[in-house]
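The values are calculated or read from the model by the stated rules, or taken from the named source; none is laboratory data. Note that this is a predicted model, so its numbers are computed, not measured. Here the Cβ positions follow ideal geometry from the backbone for every residue, glycine too, while neighbour counts run over all protein chains shown. Just the protein is used for accessible areas: all its heavy atoms, side chains included, with ligands, DNA and RNA removed. Shrake-Rupley method; radii C 1.70, N 1.55, O 1.52, S 1.80 Å.
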Amino acid sequence: MSAIPFDDAVDAPAQRSADEAAYRRQIEYLFARSPFYSAKLAGAGIRSAADAGGLDGIDELPFTTKDELRQSQQDVPPFGAHLAAVRGNVARVFSTSGTTGTPSYIPLTRRDIADWVVIGSRTYSRCGLAAGQALITTYNAGPFVAGLALESFQNIGVTHIPIGTGNTERLVTALRLLKPQAIACTPSYAGYIAEWARAHGFDVRQSGVERIMVAGEPGGGEPDMRRALEETWNARIYEAMGLGDVAASLWGECEAQSGMHFSGAGFVHVELIDPESGRPLPTSDDATGELVYTHLRRDAAPLLRFRSRDHVRVWTSRCACGRATLRVRCIGRTDDMLIVRGVNVFPSAIREIVNRFQPKVSGHIAVRPARRGVKQEPPLKVAVELAPDLSPDPTFAAAIADAVRSALVFSAEIVLLPSGSLPRSEYKSKLVDYSEAKAA
Ligand SMILES: [Zn+2]
């Protein structure tokens, strides 16, 4: 158990000065221990920690991208030249699935693990999860960084009931017999469990679950999707987000549900940048941009200005809960983005617009591009599933297309499908379906 409390209610100036000292130590550590960063910084004309300066000058330092880390792992297997710890001190190795087929490895020392558990404990306790409550988790998480979320739950002191995915019947039985107050899953799976239970004669509103902690994909923060899930379950939805290379469970919502609070104070420094120009953006309420992370204390694989590819909206004003830590809502990931005649389009943003038409739509959509690749010509085809007992109606399709055009500035061809037509997921929903696409 760490001495740092779960709730990071340190005042901002004190946090800033602690972070400044930690950052300078971390830069010294990079020069001493990380072949990747000593070379990278030298390439940018920075030959010592003194050259790098402090946090005020961090935006002068080069970014790190996921592609660079992958390349580094290929060149210097298995961990890459950014491994800064002695091999024997690596206590855990997580894999990320990786879109290219080769997993990327994320090593942690014992101290790194302890730090992630503190970060995750902040994230998950903030929504009211506390010792004495029971929690079902659905992460098949052993090999993946979400595994450390499980250790955070233990640290919080809940009665932990790991079920994993792939056995909804066992999960629903656990809901009925063990009566947990909380469940942790993807938003897609929260919807799937409710549908499955209803089809098998059990209404999840009767389960007694009070809070559902969702992570792993966008959706939990989209207002209409959240409202629908909350009504389905008669429970509150709280969103969390992290990323493997930086820290699991790095952001989490409080009971006010107004964006995910940053949980990495003292461990991770966060910046907001313009994803096109790379220039830093001032963090003020409603600003949008890409999150960039720098480890303030990481032994095994410390990263400097790592581009997350997560696009977010931020808030800096004090939350209703009283905390003034940075809050975000994820808008989408660069990796999922399509460009429709010059307009950046996130599939999750399309779903968000479609969900304004609940309860006439089911909440399931599939973007069906006409060709492979990121660049698409309008109209972009979007399959939208209707609520049960409704049949496709051209006027309704046109109304959805109008809403998409006015909110997202591209033209969509809306294809309405009967309820139950689109695949359900026990893990993450696939919002883009290339099965109709021709080669680009
Ligand atoms: Zn709050």
In whole angstrom, the spacing between the Cα centers of the stretch 315-348 and the stretch 263-292 equals 11 Å
Radius ratio Rg over Rh of the stretch 200-311, counting only Cα atoms, Kirkwood formula for Rh: 1.06
From the helices alone, meaning DSSP H stretches of at least four residues, give me the mean residue ellipticity at 222 nm for the chain, per-run term -39500 (n - 2.57), in deg cm²/dmol to the nearest 500. -9000 deg cm²/dmol
Leaving out ligands, DNA and RNA, and with a 1.4 Å probe, what % of the accessible surface on the chain is carbon or sulfur? 51 percent
Can you tell me which of V312, V117, V93 moves the most in a GNM of the chain? Springs connect C-alpha atoms under 10 Å apart. V93
Just the number please: accessible area per residue for the stretch 127-220, 1.4 Å probe, all protein chains included, in Å². 38 Å²
Express the Stokes-Einstein translational diffusion coefficient of the stretch 136-203 in µm² s⁻¹, to the nearest whole number, given a Kirkwood radius over alpha-carbon pairs, 37 °C and a viscosity of 0.692 mPa s. 263 µm²/s
For R205 and S391 in the same chain, what is the full-extension length gain: residue separation times 0.36 nm, less their Cα-Cα distance, in nm? 64.2 nm
Relative pair counts by distance (%), Cα atoms of the stretch 67-202, 5 Å bins: 2, 9, 16, 17, 16, 13, 11, 8, 5, 2, 1, 0
Under 1.5 on a/c is rounded, so check that first for the stretch 304-372, then, if it is not, pick prolate when a/b is larger than b/c and oblate when it is not; a ≥ b ≥ c are the square roots of the alpha carbon gyration tensor eigenvalues. oblate
Spatially proximal aspartates and glutamates relative to K66 (Cα-Cα < 13 Å; intrachain offsets below 8 disregarded): D245, D310, D335
Value of relative contact order over the stretch 52-196, rounded to a whole percent, pairs C-alpha under 8 Å and six or more apart: 18 percent
Just the Cα atoms of the stretch 265-414, one point each, no solvent: what log10 I(q)/I(0) does Debye give at q = 0.16, 0.17, 0.19 Å⁻¹? -0.95, -1.01, -1.12
Intensity falloff of the chain expressed as log10 I(q)/I(0), Debye formula with alpha-carbon point scatterers, at q = 0.07, 0.14 Å⁻¹: -0.36, -1.40
What is the stretch 20-127 by shape, rounded, prolate or oblate, if you read a ≥ b ≥ c off the alpha carbon gyration tensor as root eigenvalues and call it rounded for a/c under 1.5, prolate for a/b larger than b/c, and oblate otherwise? oblate
Accessible area of the stretch 312-374 divided out per residue, in Å², using a probe of 1.4 angstrom: 43 Å²
Taking the Cα centre as origin and putting +1 on Lys and Arg beta-carbons and -1 on Asp and Glu beta-carbons, what dipole magnitude results for the chain, to the nearest 20 debye? 620 debye
